[in-house]
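The values are calculated or read from the model by the stated rules, or taken from the named source; none is laboratory data. Only a predicted model underlies this, so the values are computations on that prediction, with no experimental measurement involved. Note that we place each Cβ from the backbone using ideal geometry, even for glycine, and neighbour counts take in every protein chain shown. Calculation scope for accessible area: heavy atoms of the full protein, side chains included, ligands and nucleic acids excluded. Shrake-Rupley method; radii C 1.70, N 1.55, O 1.52, S 1.80 Å.
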Amino acid sequence: MKLTKFTLGLFTILSSYVWTQEILIPSSSIAKDKAIFSNANNAVVGNGFFPISYTEAKLNLPEKDTTKRWITRKLFHEHLVQKSGSDFFLAIDPLLNTSIGKEALQNSNDYLFQNTRGAQAFGHLNDKLSFYTAFYENQARFVRYQSEYFSDRGELYPQAFAPQNAVIPGGGRTKPFKNTGYDYASSVSYIRLKPIDQLTIQYGNAPRFYGWGYRSMLMSDNSHNYTNLTIDWEIIDGLTYTLMRGKQLNLIRKENTTMVEAPYERKGIGLHYLSYSPTPSLVIGLFESTVYARDYAHTSQRVSPYFYQPVIGVNTIANGTENVDMKNLVGINFAWQFHKNHMLYGQAMSDDFEQKEYGLQLGYRNGNIFEIQDLNFQVEANMATSRLYAADNERISYTHFNLPLAHTLGNGFQELIVRANYLVKGFFIDGKIVYYNANQAMEDKTMLFYTKNAELTQESVEVMNTSVQIGYELNPATRLRAFVELNYRTSVSESIVHNVNYGVISLGIRTALTNQYFDF
């Protein structure tokens with residue numbers, strides 16, 4: 001049968017659709033909101049971790065529209081460099097996050113600012129290989145309560161009595177900039193191989209977020225990128241197994257070194273995740289992660305042999321939740337999409353059964369409300385006991401780069417989050433309320449960095465952090481957004497008899513591809 005030009009053209013479009021979709025969607029909550037309700041039916045999207053591929057998310061990469069002028073396409077519709085053929089796709093973009101703001105309630109004369117420049121490149125070859133790489137160079141000045149937290153998580157030298165420099169969630173280690181600012185850089189990259197439809201192998205330092213929520217009690221992108229090898233294997237239809245092995249760091253300098261600059265203490269991370277979907281509307285996942293000791297101030301050791309065993313549950317059954325060289329955490333992750341626009345999700349986990357340390361999450365999502373596209377609502381409750389994620393050997397606490405691997409508050413809290421956002425014809429509004437009550441010192445924020453048996457001074461802290469962002473999405477391909485943001489935070493603690501209030505107004509432009517967890 002002779003193919004018509006129309007048929008050939010349609011075949012080309014469909015072929016392009018298939019092979020471009022194994023690229024991962026951005027890791028931001030904005031992308032997750034879009035993906036979760038993209039199916040237009042009551043099937044749960046994904047197996048319980050994000051980011052997922054464009055194929056899983058039922059989303060399309062931007063296509064060229066040659067009816068528009070080149071400058072119009074590049075600024076408002078597609079990637080700066082976008083090349084595609086019968087068996088490849090390539091995109092390159094500049095990245096930026098530039099804003100200026102003012103805190104109005106604490107009598108500060110300093111302007112707040114974020115000045116981020118970077119670039120990304122990603123692509124796909126055939127239907128087997130995809131890659132992504134991005135680099136960010138940053139200078140910033142933050143509101144005081146944020147700066148205090150970032151500085152408290154700074155690197156430690158054995159002879160020092162206090163942290164030095166600072167660490168930014170998702171941004172990494174910093175150096176001082178103009179006295180009260182920070183200078184820091186970060187990068188992310190991965191190579192993703194799919195030799196057969198049932199198997200995916202990924203190597204790089206891209207973060208993974210476990211759960212369908214805004215926060216994760218299991219593992220999130222709150223900390224900093226770390227090198228890891230991840231294998232996802234669909235054993236049978238509806239049953240998927242994930243294995244990850246990686247290298248992490250405590251930002252504690254080793255005392256004995258022949259290097260110009262002392263290296264940080266290393267530790268290993270291993271993860272097993274088994275997800276089962278008995279029906280398309282329900283996914284249940286079993287989660288186990290293990291932190292392995294490697295370095296101490298004066299000594300190093302080989303990683304435990306358990307680092308190499310691939311079976312979920314073996315580490316915890318054989319060693320309990322913690323021994324001298326390893327710490328185990330187990331949990332459950334679930335989502336039930338009982339209607340195409342409604343989802344319930346949650347998590348339960350523990351790292352110490354004997355002391356009854358546990359964390360819980362329960363959330364509800366409503367997407368495309370009243371059949372209005374891109375109108376979303378979310379409410380989520382999280383809680384963690386006061387010693388959760390901490391360890392008897394503090395060097396194997398559930399942290400990386402001196403930041404929590406799961407929830408940004410660490411432990412000892414009860415939290416309620418309400419989010420809503422709407423995007424129509426490029427205009428958007430994004431609102432959020434975060435309320436929490438925590439049993440942690442204001443200057444410390446988390447007790448993860450002390451031995452679990454240490455006697456600590458604790459105090460009750462109550463915080464309400466609200467924000468609303470209004471703006472216009474200039475380019476949906478890169479999530480380039482111009483915005484005005486209002487943020488109000490009030491807090492009260494046992495040591496302060498009156499409320500401490502912060503009010504910030506800022507405006508800027510940002511490629512919103514990643515999350516910024518500054519809402520604590």
Solvent-accessible heavy-atom area per residue, rounded to whole Å², over segment 371-520 at 1.4 Å | 39
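When a/c reaches 1.5 or more, the comparison of a/b and b/c decides; with that in mind, is segment 192-251 rounded, prolate or oblate per its Cα gyration tensor?
Details: a/c = 2.67, a/b = 1.45, b/c = 1.84.
Oblate.
Given a 1.4 angstrom probe, what's the average accessible area per residue across segment 113-165, in square angstrom? Write out the running numbers ahead of the final one.
Details: 2380 Å² over 53 residues.
I get 45 Å² per residue for this part.
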Summarise the accessible area of the chain (1.4 Å probe, protein heavy atoms) by the percent that is carbon and sulfur.
-> 62
Taking R0 as 35 Å, what's the FRET efficiency between Phe177 and Lys83 from their Cβ-Cβ distance, rounded to 0.05?
-> 0.40
What FRET efficiency do you get for Gln106 and Glu137 if R0 is 30 Å and r is their Cβ-Cβ distance, rounded to the nearest 0.05?
-> 0.55
Considering the options Trp212, Ala35, Ser350, tell which one lies farthest towards the positive end of the dipole of the chain, charges being +1 on Lys and Arg and -1 on Asp and Glu at the Cβ, about the Cα centre.
-> Ala35
Rounded to the nearest 10 Å², the 1.4 Å probe accessible area of Lys356 is 150
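Given the Cα-Cα distance of Leu193 and Ala297 and 0.36 nm per residue of separation, how much length would full extension add, in nm? Each step should come with its number before you reach the end.
Numbers: separation 104, 0.36 × 104 = 37.44 nm, distance 3.81 nm.
Between Leu193 and Ala297, full extension yields an extra 33.6 nm.
In the neighborhood of Gly172, defined by Cβ-to-Cβ distances under 14 Å, what is the net charge if each Lys or Arg adds +1 and each Asp or Glu adds -1? Mind dumping the intermediate values first?
Details: positive: Arg153, Arg173, Lys175; negative: Glu137, Glu155, Asp183, Asp221.
Summing Lys/Arg as +1 and Asp/Glu as -1 gives -1.
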